[in-house]
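Let me begin by presenting the structure, written as structure tokens, before commenting on it.
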């Protein structure tokens, strides 16, 4: 049996999630290549294919109409589509501009109407095509990605956490940021990263997005009452990597 | 002489981000010869408006997944400048080790994964898994080492977590630093083998010289990666320094129709940033081991062959390993302890710079009394190189035509030229002119 064909595609993003693929070290990466054939990966290889793909990893957000057709073409060729990283999953950090009416003028001034500077609101790629699985995070958790691929190769459903980062902090016995006089988004943030940020003394910014049905009203109340935020800053906090969820709520 | 050429490389491979090469030559006349940047703009400078100073670097780090450490450092330094924060000597040393890790990490990726296939006649690193297994295994081993090296100090390498305004949110233990030292020492044979591999492939590097201006950070005590003054060196060796706060007078941005990124120029029609620009500016400040590597690789200042940027990167990898060993020894001697973050003493505007793998990077922010960001400006190295790449094309294409170069060979030569700059295109589409709200 031939090995499953895997390809990587990139849209509006920093391509850091692709870089994570190079950080496994020699043995894990070479072993991965024993199980899959990487057939297209523009950032790392010149080879291209028009053949059907078993697993397509799509990185980056949908931000302009010009990219719609390319996304649909990938969907047509791919048996399984994985949104790879937060930009592809929900729009990620790119959506932080979505509520600003003047972002183009602010950045490009009088040149902002030039056609090649076209950019609309940023969305996850599921705004345009059906996504089968989501590898959350900014950047992705590279070991979770291996888990997802491994599950798919074994014909099993990948398990993606839908509980908050607070669970992982408790498991690690990390002191709560609020008890240190700081703030944190861990109570709403989707776990799966093993909560490295609070353990390193900084707040969780929910870079993997929110758990389903986050209670934003209670979150803002906690920021005001326990972290001393102004109501305005508390309301803005939820936009960091999760602006689209805020707009939808 | 070649008379008709039609090159249309859409979304050049083995570079970060999206760029196109278009060359049309009919009956010997060059009708079009362009390096185009169609990357989707992402508007970071707009996004930071209204964010608290503690959040700004976490946002602007996301400009680039390869130089995330450098963006974080430039951003945090600019914020500290704006808020009147002086960090401790320990924080600075840790950040310098982290900066070295990023430089080595990115250069290893570029030299081995993105450039080496061209020199070995392969479309990517994947066929080399069969034909040069030792080299590929060494590349992945070194890449992993750099990832562990940076992660120990920065929390992780793609969007580091520990570097925050006021210092470091977390520090490694003495034991962890001692282990890092051992790992770096154990990698010396791999470093030496890297220099040997590149020296063996170097005859395949195209011979092309176009003297230009080279701009990088420079410092009297260091090679100028974490900090320094802006320095320009011209092909005749004339050097001039400028304060970092005057970066707009050096970059002189302008808009061109073929690019979502702006172009820059200073004394000449274009200038180069990156490893070769740093090497040409700061050769004297390299550690002896790096100077020996340069000699083995046949690289001397002032080198005006842009393809040699990759060779300069290999020299810098050697420099970063040995200079980190020195810094780690100093940290181990002094002992390492978690320090409280230094708090703001004022508010206003801050401008700072670091060298990222692809060259000099500027960040500027303005903060109100509550520490809320009012606006920002980031000028990225690749965006400073786009204009120089275009000027290289303008000289290289006629040379290749005169030398009777075929279309395919010309396409490869142009692709290799762009790759040599190690462009980081997603980065480069974010700078802008900003009107600060006061």
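Where a number appears in this text, it was derived from the coordinates with a stated rule and is not lab data. Since we're looking at a predicted model, the values are computed, not measured. Cβ coordinates were reconstructed from backbone atoms using ideal geometry, including for glycine residues, and neighbour counts include every protein chain displayed.
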field: Geometric extent, Cα atoms of the stretch B:44-428 - Rg, Dmax (angstrom)
entry: 20.4, 65
- prompt: In degrees, nearest 10, range 0 to 90: what is the angle between the Cα axis of helix B:133-154 and the longest Cα principal axis of chain B?
  reply: 30 degrees
query: Which angle from 0 to 90°, rounded to the nearest 10, does the C-alpha axis of helix A:142-153 make with the longest principal axis of chain A?
result: 50 degrees
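Using the Kirkwood formula on the Cα atoms of the stretch B:306-358, what hydrodynamic radius do you get, in angstrom to one decimal? Don't skip to the end; give the middle numbers.
Working: mean 1/r = 0.0660 Å⁻¹.
Every distinct Cα pair counted, the radius reaches 15.1 Å.
Can you put B:241, B:349 in order, fewest other beta carbons within 10 Å first? Can you show the working numbers first?
On the way: B:241 12, B:349 16.
Going from sparsest to densest Cβ surroundings: B:241, B:349.
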- prompt: Considering every pair of different Cα atoms, what Kirkwood radius, in Å, is found for the stretch B:46-107?
  reply: 12.4 Å
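If you wrap chain A's Cα atoms in a convex hull and average its projection over all directions, what's the area in nm²?
Numbers: hull surface 61.4 nm².
With every direction weighted equally, the projected area is 15.3 nm².
At 222 nm, what value in deg cm²/dmol follows for chain B if DSSP H runs of at least 4 each add -39500 (n - 2.57) and the sum is divided by all its residues, to the nearest 500? Can you show the working numbers first?
Numbers: 16 runs with 193 residues, N = 438.
Taken over chain B, the calculation gives -13500 deg cm²/dmol.
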message: Take residue B:193 and residue A:156, extend 7 Å from each Cα along the Cα→Cβ direction, and tell me the distance between the two endpoints in nm.
response: 3.5 nm
- line: Expressed in angstrom, Rg and Dmax over the Cα atoms of the stretch B:264-314 are 11.5, 35
message: If I build a Gaussian network model for chain B, linking alpha-carbon pairs within less than 10 angstrom, which residue out of B:161, B:260, B:173 has the largest mean-square fluctuation?
response: B:173
statement: With the convex hull built on the alpha-carbon atoms of the stretch A:159-200, volume per residue in Å³ sits at 58 Å³
task: With no solvent and one equal point scatterer per Cα, compute the Debye intensity ratio I(q)/I(0) for the stretch A:1-41 at 0.27 Å⁻¹ and report its log10, rounded to two decimals.
output: -1.03
message: Normalised by the empirical 2.2 N^0.38 Å for globular proteins, what value does the Cα Rg of the stretch B:141-294 take?
response: 1.28
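Summarise the partner chain shielding of B:56-63 as one whole number: the mean count of Cβ atoms from other chains within 10 Å of each residue's Cβ. Walk me through the numbers before you get to the answer.
On the way: counts 0, 0, 9, 5, 1, 4, 13, 3.
Per residue, the average neighbour count from other chains is 4.
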- line: Over the Cα atoms of the stretch B:210-357 the radius of gyration and the largest Cα-Cα distance (Dmax), both in Å, equal 17.6, 55
message: Can you give me the angle between helix B:381-402 and the longest principal axis of chain B, using Cα atoms only, in degrees from 0 to 90, rounded to the nearest 10?
response: 10 degrees
query: Which three lengths, in whole Å and largest first, does the stretch A:5-153 cover when its Cα atoms are put on their principal axes?
result: 52, 28, 27
- line: From DSSP H assignment alone, runs of 4+ in chain A each adding -39500 (n - 2.57), the sum over residues rounded to the nearest 500 puts [θ] at 222 nm at -9000 deg cm²/dmol
message: Can you give me the C-alpha center-to-center distance between the stretch B:142-215 and the stretch B:264-328, rounded to a whole angstrom?
response: 14 Å
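Dividing the Cα convex hull volume of the stretch A:145-249 by residue count, how many Å³ per residue is that? The partial results should precede the final answer.
On the way: hull volume 10.9 nm³, N = 105.
Dividing the Cα hull volume of the stretch A:145-249 by its residue count gives 104 Å³.
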query: If you build a Gaussian network model of chain A, linking Cα atoms that sit under 10 Å apart, which residue out of A:103, A:133, A:163 swings the most?
result: A:103
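Quick check: convex hull of the Cα atoms in the protein assembly as shown, volume per residue, rounded to a whole Å³? Numbers along the way, then the final one.
Numbers: hull volume 102.3 nm³, N = 687.
Value for the protein assembly as shown: 149 Å³ per residue.
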- prompt: How long is the stretch A:15-86 along each principal axis, judged by its Cα atoms, biggest number first, in Å?
  reply: 40, 25, 22
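Give the Rg/Rh ratio for the stretch B:1-150, taking Rg as the radius of gyration of the Cα atoms and Rh as the Kirkwood radius, to two decimals. Before the final figure, lay out each step's value.
Details: Rg = 20.9 Å, Rh = 19.0 Å.
Rg divided by Rh gives 1.10.
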- prompt: What Kirkwood radius, in Å to one decimal, follows from the Cα pairs of the stretch B:72-167?
  reply: 15.0 Å
